[in-house]
Amino acid sequence: AGNLLKSDRITIGGYGEIQYRDSPISERADGGGTPTFINPRLVLGIATVLSEKQNMVFNSEIEYEFGSKEIDVEQAFVEWRVRPELAFRGGIFVPAIGRFNTYHDSNLNLTNIRPLINQFIVPTAYRDAGFGIRGRFKLPHKMKLTYEADIVNGLQSENADGQATPFSRLLGQSSAAEPGAIAFQDSNRNKPFAGRVGFSPTRG
């Protein structure tokens with residue numbers, strides 16, 4: 001969460017960005033595609049230690065998008081870290097769907113806008129309510145193996161009119177995964193599974 005404010009029990013941090021865009025090939029063509037300065041997002045993160053003895057933490061992110069046009073809870077979950085190899089997570093979080101969805105924060109991006117595949121095809125930044133497990137294993141020669149496995153409510157395949165709701169940064173999430181509804185009730189009886197395995201042969 002960063003170190004804007006840090007104590008023994010609570011940490012407050014975050015990030016934001018301002019961009020100059022000369023082309024409408026972007027997450028949002030606000031301004032009609034005219035050359036413009038925009039504020040895509042400002043994220044405030046608050047994390048706290050619930051139990052130091054049991055190694056339980058609470059983590060949250062509040063996101064202000066496009067000059068506060070959208071304000072939403074991006075993450076709000078409790079995690080119980082039993083040991084490095086096993087941790088339980090429950091609440092609203094970002095499921096492990098591809099690397100970019102997991103690490104979509106602006107300060108981690110390699111490009112100034114998100115890749116087009118993550119704007120129009122693969123959900124980014126998709127978050128949902130659910131439960132998951134994760135962990136990491138240290139291997140010889142500073143190698144590392146990590147895993148994540150999540151069960152979440154999932155995206156909605158059809159809207160109220162029976163029309164398909166494909167996910168896209170421009171069009172789909174408002175109906176495929178309505179932000180205000182993800183913590184309220186699942187849109188269907190199906191519970192999707194998401195998972196990823198990572199292997200780091202060297203540090204960094």
Original post:
Just wondering, is there one or more residues in region 110-129 that are assigned to a loop (DSSP other than H, G, I, E, B), open to solvent by 40 Å² or more (accessible area, probe 1.4 Å) and modelled with pLDDT of 90 or more?
Top reply: no
Original post:
Looking at (1) more than 21 Å from the chain's Cα centre (by Cα); (2) at pLDDT below 75; (3) open to solvent by less than 70 Å² (accessible area, probe 1.4 Å), can you tell me which one SER7 breaks?
Top reply: (2)
**OP:** Among residues belonging to region 93-109 that are surrounded by fewer than 21 Cβ atoms within 10 Å (Cβ to Cβ) and of a type in the set (Phe, Trp, Tyr), point out the one that is nearest to the chain's Cα centre (by Cα).
**Re:** TYR103
**OP:** Out of the residues in region 53-72 that are assigned to a loop (DSSP other than H, G, I, E, B) and either open to solvent by less than 50 Å² (accessible area, probe 1.4 Å) or of a type outside the set (Lys, Arg) (or both), state the one that is farthest from ASP128 (Cα to Cα).
**Re:** GLN54
Original post:
Which one is farthest from ASP22 (Cα to Cα) among residues in region 66-107 that are of a type outside the set (Gly, Ala, Ser) and at pLDDT below 80?
Top reply: GLU70
Original post:
Hey, among GLU148, GLU79, which residue is more than 22 Å from ARG9 (Cα to Cα) and open to solvent by less than 80 Å² (accessible area, probe 1.4 Å)?
Top reply: GLU148
Original post:
Among the residues of region 23-52, how many are surrounded by fewer than 17 Cβ atoms within 10 Å (Cβ to Cβ), modelled with pLDDT of 75 or more and out of contact with any Asp or Glu (no Cβ under 8 Å at 6 or more places or on another chain)?
Top reply: 5
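The values are calculated or read from the model by the stated rules, or taken from the named source; none is laboratory data. This structure is a prediction, so every number in the text was calculated from the model and none was measured. Positions of Cβ are backbone-derived with ideal geometry, glycine not excepted, and every protein chain shown enters the neighbour counts. The area values use the complete protein model at the heavy-atom level, side chains included, leaving out ligands, DNA and RNA. Shrake-Rupley method; radii C 1.70, N 1.55, O 1.52, S 1.80 Å.
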